[in-house]
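Below is one structure; the comments refer to it alone.
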Amino acid sequence: MWKRIKALFAVKGIERRMRVAFTSIVLLLVFAGATSLLELERVSHDTEQILVASEQSVDVAGHMLAALSDHNDAIIYMAVVGDTSVRYREALRGSMLQLDATCERANELMPAVEHDGLNDTLAMYVERLNTLAEEYLEGRVYENVIRRRVSDSLATNLSTRSWYVDEYKVAYIDLSRQISRYMTDSQSVLSPKVNHLSHTARRSVTPVFISLLVMFIVVMMLYYFLKKLYVKPILRINRSLGDYLSYKVPFDESIACGDEIGQLRDRIDTLITKSNK
Amino acid sequence: MRVHVVIRYIGMVLVFLAAFMLASAGVSLLNNHDSALYPLLLSSFVTAILGLFPLIFVERVEEIKTKEGYAIVVGSWLVACVVGMFPYLIWGGEFSLVNAWFESVSGFTTTGASILNDIEFLPRGLLFWRSATTWIGGIGVVMFALVILPSMGRSRQMLYNVELSTIAKDNFHYRSREIMRILIFVYLGLTLATTVLLKLSGMCWFDAATHAMSACGTSGFSTKNASVAFFDNPTIELVMMGAMTLSGIHFGVLYATMTGRRNNIFRSEIVRVYVGMMVIASLIIAANLFSDGLYPTFVESLRHASFQVVSVTTTSGFATADTNLWPSLAIILLIFCSVVCGCAGSTSGGVKVDRLVIAAKVIRNRVKLQQHPTAVITTRTDGTVQGDNVLNLVLTFVVAYILLVLMGTIVYAMFGCDIMTSFTASIACIGNVGPGFGEVGSLDNYSELPTILKLNSTLLMLVGRLEIFGFIQLFFLRSWR
């Protein structure tokens, strides 16, 4: 491979210049193409990441809300309606696990550094709700409430229903608010990323634009050099030779270059000198 | 004019710039592949192709003509400014097209003005490139082209005549080839010495190298938002002051001093005026600051006053204090220093002390001639009699400079700048000083200026760097036939 590349540039003079010139243009073209492909790939990758992040956060929030709803339903059936069958106990346990899992997933999706305190608060509220449910399942509701409201005159009227209203419902509302906040915040976290993407998308065109600009200048230079260093001298030699052949005007073309054009001029000169002898 | 010859020489400058971009990419690589690596590599590649192309086609020439020399100098500067903005543009951040152009021109003309609000946010590779542009600009893009130029002899001298002012050329008493060696020796030596001293004073190697490049190029680009004030270190300030002062002296005189020749800095009248001017200005400003109660002690006042005076006189533009808060007398003296600036044959811009001395002597001689109309009075600088041609050139330059400052001021004012900002920004850009007063103060930047004024500033920088006439001549090349 290397030998082939070396052979490509082994020739000298005009041929080498032409090869180098066109190789430069091809290189710039390939470079511009490759850069644009890479940049497009990068933009596409960034866009995909943003979309995936958005979908995932909405999905997690949806699952969390569903688990919360199941949690609430099970508690209502047990604490308010009074149906403490195994079915609801299992549903409650399932929703507790589901809440924990989705909360963990939410933490993974939205790193704590990006939104101060949101993840901690969410985990705290989930834990609070699950602790209440756990207390209920373990039958510690009465003890706890009595202990907390020992001076309350209504302590004797305590029932699971009032526990639901006073304790559970408050925690439930807090958590649902927190999930709503998570939903909105997770979307607002993506906003600067989208802005950055729109910014980099514009920037990604810059290298391609610069490559094309340089290529345009190179092509213009190539045109100028071809015209100035090759086409014009050949035309001058041709005209001068024509004048010599037609009118015997002395062939006198002064071209100061050491490449094939200069050699051509010298050889024509030699030929004329020999033919005159 | 042989355009292809001009293009060939400009191509050499581009290859040199590509090498510096690659070096900056190396810095980027050393700093955990920071975000400047990709922009610098891309820029290096396209710049190298652009520069190598004419080298392949155009054969070397032994001799270049005067107008070709001018075209090469001005062309090299303009093309360097254009390719110099590639890394900024590709990197992005605060660099829009106009901002990248401004930063690039400011670097290559060694002005040191910036549009960046948060310099420290820039990756190290890009910061190094930013300082490198000022370093390259300091010695002159053309100078580098000539160093690597295989063809020797007249072509070098021809280009160099354009690069330095007429007065600076007269001060050189060496052959053209020797001039190149002197400049490289002095410039490289000064930069290396400053780097080592700054490192010893407490900077890290990166900051030391970038600040040394900026100080020796008299540009004032810093890697910190608060410039040299960030370090709050008197030793660093002292080293910087030394480097800036030396960079503001004719390099030939510096070389003569180092090699023990006769025309050294201790004998030079110009250097005496240059140093004397800075000492007097520093003392007056320090007294003014101390009497106004801006600093608790006279020593503290002198520390800040002397640094700002040296920074402005050498057209560097580094800052250790917000000079906008200084009293009127201090401001006026700093403006005066930023008009006069350093010596010819150095990397500083402005009117230059040499011209000030000659202009003052011409005025003195005029007064003498009025008293003694038949007297024959010659004007000498450093013992050399200056001919009428030189005197005319000096006076023409001073008048052109003043006119340009006024025109620049009008343009700034037209687009809503206050008189202080307009006047000082105009002086700071033409003199390649960098900071002025008002909105473009020592700890401020040019980011708030409208686009048209940023472009106006870059034009003034280029005109000032190319000694006004060097730039204007470009538009009259056809008439030289």
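The values are calculated or read from the model by the stated rules, or taken from the named source; none is laboratory data. The structure presented is a predicted model; accordingly, all values stated were derived computationally and were not measured. Methodologically, a virtual Cβ is constructed for each residue, glycine included, from the backbone with ideal geometry; neighbour enumeration extends over all protein chains shown.
Collect the residues in region B:358-407 that are acidic (D, E) and either under 26 Å from the mean Cα position of the chain (by Cα) or part of a loop (DSSP other than H, G, I, E, B) (or both), keeping them in residue-number order.
If the condition is that a residue be acidic (D, E) and either under 26 Å from the mean Cα position of the chain (by Cα) or part of a loop (DSSP other than H, G, I, E, B) (or both), then B:D382 is the only one that fits.
If you go through region B:323-344 one residue at a time, how many are outside any helix (DSSP H, G or I) and closer than 27 Å to B:N288 by Cα?
Here the count works out to 5.
Of all residues in region B:408-450, how many are within 21 Å of the chain's Cα centre (by Cα), in a helix (DSSP H, G or I) and not polar (S, T, N, Q)?
Residues meeting the conditions: 8.
Six or more apart or on different chains, Cβ atoms under 8 Å: show the pairs whose first residue is in region A:28-43 and under 21 Å from A:V194 (Cβ atoms) and within 11 Å of chain B (Cβ to nearest Cβ) and whose second is β-branched (V, I, T) and surrounded by 13 or more Cβ atoms within 10 Å (Cβ to Cβ).
A:E39/A:V205; A:E39/A:V208; A:R42/A:T200
Residues A:V231, A:V208, A:V194, A:V249: which one is hydrophobic (A, V, I, L, M, F, W, C) and either crowded, with 18+ Cβ neighbours inside 10 Å or within 10 Å of another protein chain (Cβ to nearest Cβ) (or both)?
Residue meeting the stated conditions: A:V208.
Please give the number of the condition B:Q308 fails out of (1) surrounded by 24 or more Cβ atoms within 10 Å (Cβ to Cβ); (2) within 16 Å of B:D354 (Cβ to Cβ).
B:Q308 satisfies every listed condition except (2).
Mind counting the residues in region A:239-264 that are within 60 Å of the chain's Cα centre (by Cα) and in a helix (DSSP H, G or I)?
Qualifying residue count for the region: 5.
Tell me, yes or no, whether region B:345-357 has at least one residue that is at pLDDT below 90, aliphatic (A, V, I, L, M), under 22 Å from the mean Cα position of the chain (by Cα) and not in a helix (DSSP H, G or I).
Scanning region B:345-357 turns up at least one residue that is at pLDDT below 90, aliphatic (A, V, I, L, M), under 22 Å from the mean Cα position of the chain (by Cα) and not in a helix (DSSP H, G or I).
State whether one or more residues within region B:227-250 are at pLDDT 80 or above, assigned to a helix (DSSP H, G or I) and under 30 Å from B:N392 (Cβ atoms).
yes
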